[in-house]
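So the structure is just underneath, and the comments pick up after that.
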Amino acid sequence: MNDICVATHQASIKELLDDAEFAGLANRAGFLVELRLDFFADLSIESFDLALNRFAPRAVVTFRHPAEGGRRPGVSDAERLSYLQRAADRGVEYIDIEARTALGAFNKRAAKLILSHHDFHRAPSLAELRELWQRIAAQPAADVVKIAVMPATVLDTAPVLQLLTELHGNSGGPRPLLLCMEEAGLWSRVLAGRFGAPLTYARGAGAPGTAPGQLTWRALSDTYRYHDIRSDWPVYGVLGNPVGHSLSPLMHNTALRTLGLPGVYLPFKVDGDPAEFLRSFGALLSGCSVTIPHKETVMAACAEVDAGAAAIGAVNTLNRTPAGWSGSNTDAPAAADCLEDALGSLSGKRVLVIGAGGAARAVVCGVQARGADAFVLNRTRERAEALGRETGATVVDAAALPGLSFDAVVNTTPLGMHPKIAATPLEESQFPKCGLIFDTVYNPRRTRLLKLAEARGCRTIEGVSMFIAQGVRQFELWTGRTAPRDAMTQVVLAALG
Ligand code: NAP
């Protein structure tokens, strides 16, 4: 089983021993506790022994060198090594020592030795990484080589992926533990075991973490199924920016777990050109969701784009095929599904779409494909007219709304979205005659628009229904299995509160 190593963050050993979360992790199957000796203000042989009594043997013990983030300058290597020797003598499973430290008479005994290198300033090139790996791995005492680097963007992490891929399957020699910090490096923490690392690092529930970008141990174990990930598991992901608050990882990982399917789904914060990201990470990925701002630009990276996505001019789903990436758009049929659930057949129904951006285009095309008549209203009239010209939708004026009648009104602007929850695309006086209001905004679930609609006796559809419906279609495209819609709905609604 791959272990999750939870880093201690407490300022003293007393605090650590009083911490209920860490008491629960002590010697728990699948978990290690990292004792960061340089953190503890009350460190002494006596207090250290108390910590070892609690956490040995399932511990990683380190006394970080000040040049690599250690918090105790002025402690000699000899003193650091004497504590680490005590840990080895007491039978802990792992000792972590910076590769820069001369080991002298240190005897690891039965412990596995992690020789580590931390760079909190930058991510090295592939040539530098290879050289670093070879230099550290050549030390006979090394059981694990840990290299932790600081990327500025996800593209900076590509050399780490390349080196992991090169090392993958190597038998003999130390095991690689190559980690990229920050949000850009999240994939390297979740996939560490998939590439042969014996452990990955996590933080406690309320802790800031000992390195930027650490996930909580619960997220790693429950959402990402870290303990189960195998080297042949397919990897899926969402490409976007920002992507930190996306509910897609929670929804898709829950779906995979519910069906007992191998596979893990990760967020990738992609700053630049998604095509460039896919050139580096494409071989790792079996399928991707694509979100703002990449839905249009990602089309250039597709070997084929299906007719629906081509008509919309946006791709939100990538599926790997022998020819390359196949692009499709599940937003459009998802929106139409939501309206059909409420209205029955959309044929001949009048649907007003507010907005003229990517989501509006998807809804217009989605309902037209089911035979509805689409109408468009937008703040910038020229954009509404352009959408009307391209799709055949009729442009309407805000002033004319109260005299018009529709079967459904769909908001595709971000108005009403957290944190500006008082905003609404329609004030009370502007409502047309309409029995159904659908807001694609889903945070919060009950937007001001939906509350106003309810007060008028209209039926409503929450944006979360569309979010789940587009995810269900993505999941089915990638796995060929019927998606566990109830489990996906439950976890998303719980997360939205
Ligand atoms: P987009 O391409 O940027 O388009 C935004 C549209 O909203 C434009 O038409 C813009 O009008 C209008 N708008 C923005 N701010 C406005 C304001 N203050 N007043 C009036 N109109 C305003 O964005 P998008 O990709 O279409 O996404 C829009 C929203 O759709 C997202 O924020 C999200 O909430 C929702 N969405 C939901 C789902 C789902 O699964 N539920 C899926 C996709 C999108 P102008 O043309 O005048 O700038």
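The values are calculated or read from the model by the stated rules, or taken from the named source; none is laboratory data. What you see is a predicted model; the values in this text were computed from it and never measured. A quick note on method: Cβ atoms are made from the backbone with ideal geometry, for glycine too, and the neighbour counts reach across all protein chains shown. Calculation scope for accessible area: heavy atoms of the full protein, side chains included, ligands and nucleic acids excluded. Shrake-Rupley method; radii C 1.70, N 1.55, O 1.52, S 1.80 Å.
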Checklist entry - Hey, with R₀ at 41 Å, roughly what FRET efficiency would ARG381 and ARG218 work out to, going by the Cβ-Cβ distance, to 0.05? => result 0.25
Checklist entry - Quick one: if you stick a label point 7 Å off each Cα along the C-beta vector at GLN430 and GLU166, how many nm between them? => result 5.8
Checklist outcome for this item: Expressed in angstrom and ordered largest first, the alpha-carbon extents of region 220-379 along the principal axes are 51, 33, 32
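Just the accessible area per residue of region 141-221, please: how many Å² with a 1.4 Å probe?
Values: 2430 Å² over 81 residues.
Here the residues of region 141-221 average 30 Å² of exposed surface.
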Checklist entry - Applying the Karplus parametrisation 6.51 cos²θ - 1.76 cosθ + 1.60 with θ = phi - 60° to the phi angles of region 251-262, what ³J(HN,Hα) value in whole Hz is obtained for each residue in order, glycine and proline being reported as x? => result 5, 6, 5, 5, 4, 4, 5, 4, 8, x, 8, x
Next on the checklist: Can you give me the angle between helix 126-137 and the longest principal axis of the chain, using Cα atoms only, in degrees from 0 to 90, rounded to the nearest 10?
Outcome noted: 30
Next on the checklist: Taking just the alpha carbons, could you work out the radius of gyration and Dmax for the chain, both in angstroms?
Outcome noted: 26.7, 88
Next on the checklist: Between helix 158-167 and the chain, what is the angle of the helix's C-alpha long axis to the longest principal axis, kept within 0 to 90° and rounded to the nearest 10?
Outcome noted: 60
Checklist entry - What FRET efficiency would be calculated for the residue pair ASP271, ASP49, taking the C-beta separation as r and a Förster radius of 35 Å, to the nearest 0.05? => result 0.15
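Taking R0 as 30 Å, what FRET efficiency do you get between ALA400 and GLU454 from their Cβ-Cβ distance, rounded to the nearest 0.05? Please report the intermediate quantities before stating the final value.
On the way: r = 24 Å, r/R0 = 0.80.
Using R0 = 30 Å, I get an efficiency of 0.80.
In a shell of Cβ-Cβ distance under 10 Å around PHE40, excluding PHE40 itself, what net charge do Lys and Arg (+1) and Asp and Glu (-1) give?
On the way: positive: LYS14, ARG36, ARG71, ARG72; negative: GLU15, ASP38, ASP42.
Overall, the nearby charge balance is +1.
Hull surface divided by four, with the convex hull built on the Cα atoms of region 93-180: how many nm²?
5.9
Counting Lys +1, Arg +1, Asp -1, Glu -1, what net charge surrounds ASN2 among other residues with beta carbon under 12 Å of its beta carbon?
Numbers: positive: ARG175, ARG189, ARG194, ARG225, ARG230; negative: ASP3, ASP228.
Net charge around ASN2: +3.
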Checklist entry - Just going by the charge dipole of region 39-164, with Lys and Arg at +1 and Asp and Glu at -1 on Cβ, which of PRO57, SER125, LEU84 is farthest out on the positive end? => result PRO57
Item to check | Whole-Å distance, taken between Cα centres, linking region 147-185 and region 82-129 | outcome: 18
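Considering only the other residues whose Cβ falls under 15 Å of the Cβ of LEU16, what net charge follows from Lys and Arg at +1 and Asp and Glu at -1?
It works out to a net charge of -3.
Suppose every K and R has +1 on its Cβ and every D and E has -1 on its Cβ; what is the size of the dipole of the chain about the Cα centre, in Debye to the nearest 20?
Numbers: 50 positive and 51 negative charges, 84 e Å.
About 400 debye.
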Checklist entry - When the Cα centres of region 203-267 and region 337-394 are compared, how far apart do they sit, in Å? => result 35
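Nearest 5 percent is fine: what portion of the DSSP beta bridges confined to the chain is antiparallel? Show your work: numbers first, answer last.
Numbers: 8 of 72 bridges.
Among the beta bridges of the chain, antiparallel pairing accounts for roughly 10 percent.
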Item to check | Sparse-neighbourhood loop sites, chymotrypsin sites (Phe, Trp or Tyr not before Pro) in region 91-161 - DSSP loop, at most 15 other Cβ within 10 angstrom | outcome: PHE120
Checklist entry - To the nearest 10 Å², what's HIS227's accessible area with a 1.4 Å probe? => result 30
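Place a +1 charge on the Cβ of each Lys and Arg in region 221-281 and a -1 charge on the Cβ of each Asp and Glu, then give the dipole magnitude about the Cα centre in debye, rounded to the nearest 20. Intermediate results must be reported in sequence, preceding the final value.
Working: 5 positive and 6 negative charges, 31 e Å.
The calculation lands at about 140 debye.
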Item to check | On Cα atoms only, tilt of 331-343 relative to the major axis of the chain in degrees | outcome: 50
Item to check | Set of lysines with alpha-carbon distance to LYS108 below 23 Å, sequence-local pairs under 8 removed | outcome: LYS146
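Please report, to one decimal in angstroms, the Kirkwood hydrodynamic radius of region 398-497 built from all distinct Cα-Cα pairs.
14.7
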Checklist entry - Ignoring ligands, DNA and RNA, what percent of the 1.4 Å accessible area of the chain is carbon and sulfur? => result 51
Checklist entry - For the modelled label position 7 Å from the Cα of LEU103 along Cα-to-Cβ, which residues of region 62-88 have backbone nitrogen atoms closer than 13 Å? => result 85
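Any chance you could run the full-extension gain for SER231 through SER347? It's 0.36 nm times the residue separation minus the Cα-Cα distance, nm to one decimal.
Length gained, SER231 through SER347: 37.0 nm.
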Checklist entry - In region 312-426, what % of DSSP beta bridges are antiparallel (nearest 5)? => result 30
